[in-house]
Each structure stands twice: as C-alpha cells, then as structure tokens.
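Written below as structure tokens is the structure these notes are about.
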Amino acid sequence: MRTVKKPSVAVWKFASCDGCQLSLLDCEDELLAVAGAIRIAYFPEATRAMADGPYDLSLVEGSVTTYHDAQRIQQIRNQSKLLISIGACATAGGIQSLRNFADVREYTSAVYARPEYIETLARSSAIADHVKVDFELRGCPISKHQLLEVVGAFLHGRKPQIPSYSVCLECKRRGTVCVLVARGEACLGPVTQAGCNALCPAYDRGCFGCYGPAESVNAPALSRRLAEAGLGVDARMRLFRSFNAAAEPFRRESEALEQGR
C-alpha cells in the first residue's frame, strides 16, 4: 500500500505573548482532526520534535523587532512553500509597535542598566514588511475557528473564507444595541474587521480594535463622530494606538490627531 505523505506544518514565534499559538492548542477536539491530516514538523509550544525544512506551510506569530528577527524571517520564508502570519503582532506589529511613535533609545535607557548591550530595531514591524506573506489572519488573539478555516483551506487548495466587513455587522447579527449610538461609548467597531462575534459590545463595552482595520474603512470619519460624543483628542489617539497601532488606517489617524492637538 502506498503511503500518502502528509503536508508539513511549522509554527514559528517572534516578538509576541504566545496567545495565538495557544489558540491553535485550544482547538482541542478539532486539533486531533487537523493533526491527522498534517505533519507538525516544528512547533516548540506543543512538541519537542523538530524536523528540518522545507515546510509546506508555516504559521508565523509575532512581530519583527530585532536584527536577528529580520534575518530569521528571511530564512523561514525560504524554507516555506506557503507562509501565513497570525495575530496582530505578525500582521500589524502588535502592541509593541507603540515604540514606533517614540525614541526606542529612551526606553532602553530607562529599563536597562547597560542599554549599550541591547540590539534592537527602532520599529516593531509586521511580517509582511519583510517577506512575502500568502495570507494574514488577524486578531489579538486570533479566532480558533478562523484558524481552522485557514488550515482547512490550505489542505484543500482554496482561498480562506475570512470576513473583511466590520464588527458592526456582527453586532447586528447578534442583536446587540450599538454602544456608540445608544450610549456614546467609544467604540472602534465601525472600522474594525469582524472575527470576535462582537464580544466587547455584547458586554456593553466599546470595541478595542483587536482584529485591526476592516476593508476600506474611514477612520477620520469615526474619529469625528467620537469627538462629537465628547471624546478628546488624546483619548481618541490612544484608542487608535492599541493592539493594531501600526496598522495603516489606525496609524495615519493617530498621527493626524497627534499633529493637530
């Protein structure tokens, strides 16, 4: 009987909290089915078994923040037939991209006794800023259901069916009253990509933008609406500078607010 070779999958970590890798492990029962269809060749979070590449699919968590990171992602790209970045850190630089709006040398001088020993880049950047990425899966952390969809799409050679519309549609689907309109709560839902099933608005809290910008968003228009609701310039700037601070629409609006205050 001819043995069918399973596709090899590698999971890599850069600057991150490991939350997106844990989302993969949280798949539980579904993970058993996935594991039966693929060969996990490299995944330090889950196994000590580490096979050399090349790999059919690489899932990359975390942002590039050091010179070593910049070199390593090039090596991973060269070993990977397909490369998918997962999570806000990998797709937009993550919360650590707040360093992009300041002088990183001031940070290292304040934190480390010998800052001259610290070798770091001035910016925290997305994986796609350094290599070709075949697909970006957003979220902080990612949705395990979306991750399963992406892996399943890879196994069947099709495009993943991941929504590009905003969180507002998810609120409508679950019958959640708009916290921005009804209560004047600061909410990034109108400009944030769906994927969390509008978790925060369901608990009467505004969206924090965990999944990054939705397709064709108008961040300045939302910023003006928030100003009308009484949110000051500094508060709006901080709202756009969170998990996806370096994502282009959020970055542009926060910088415009900073320059105009």
Checklist entry - What base-10 log of the normalised intensity I(q)/I(0) is obtained for the stretch 8-156 from the Debye formula, alpha carbons as equal point scatterers, at q = 0.13, 0.14 Å⁻¹? => result -0.58, -0.67
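Given contacts defined as C-alpha pairs under 8 Å and at least six residues apart, what's the relative contact order of the chain, whole-number percent? Show your work: numbers first, answer last.
Numbers: 477 pairs, mean separation 43.9, N = 261.
Averaging sequence separation for qualifying contacts and normalising by length gives 17 percent for the chain.
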Checklist entry - Leaving out same-chain residues fewer than 8 places away, which lysines sit with a Cα under 16 Å from that of K132? => result K81
Item to check | Efficiency of FRET between V111 and T66 - r from beta-carbon atoms, R0 22 angstrom, step 0.05 | outcome: 0.90
Checklist entry - Separation between the A153 and N218 pseudo-spin-labels, each 7 Å from Cα along Cα→Cβ, expressed in nm? => result 2.8 nm
Checklist entry - So which trypsin sites (Lys or Arg not before Pro) in the stretch 117-146 pass both tests, a DSSP loop state and at most 13 other Cβ atoms within 10 Å of the Cβ? => result K132
Checklist outcome for this item: Listing V64, V167, V179, V111 by rising number of other beta-carbon atoms within 10 angstrom, fewest first, gives V111, V179, V64, V167
Item to check | Net length gained if the chain between D134 and V177 were fully extended (0.36 nm per residue, minus Cα distance) | outcome: 11.8 nm
Item to check | In order through the stretch 137-143: 3J(HN,Hα) via Karplus (6.51 cos²θ - 1.76 cosθ + 1.60), integer Hz, x for Gly, Pro | outcome: 10, 7, x, 9, x, 5, 7
Checklist entry - Among all the lysines, which ones have a C-alpha under 25 Å from K172's C-alpha, if same-chain residues fewer than 8 places away are not counted? => result K144
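Taken together, the values in this text are just the output of simple stated rules run on the coordinates, not laboratory data. No experiment lies behind these values; they were computed from the predicted model shown. Positions of Cβ are backbone-derived with ideal geometry, glycine not excepted, and every protein chain shown enters the neighbour counts.
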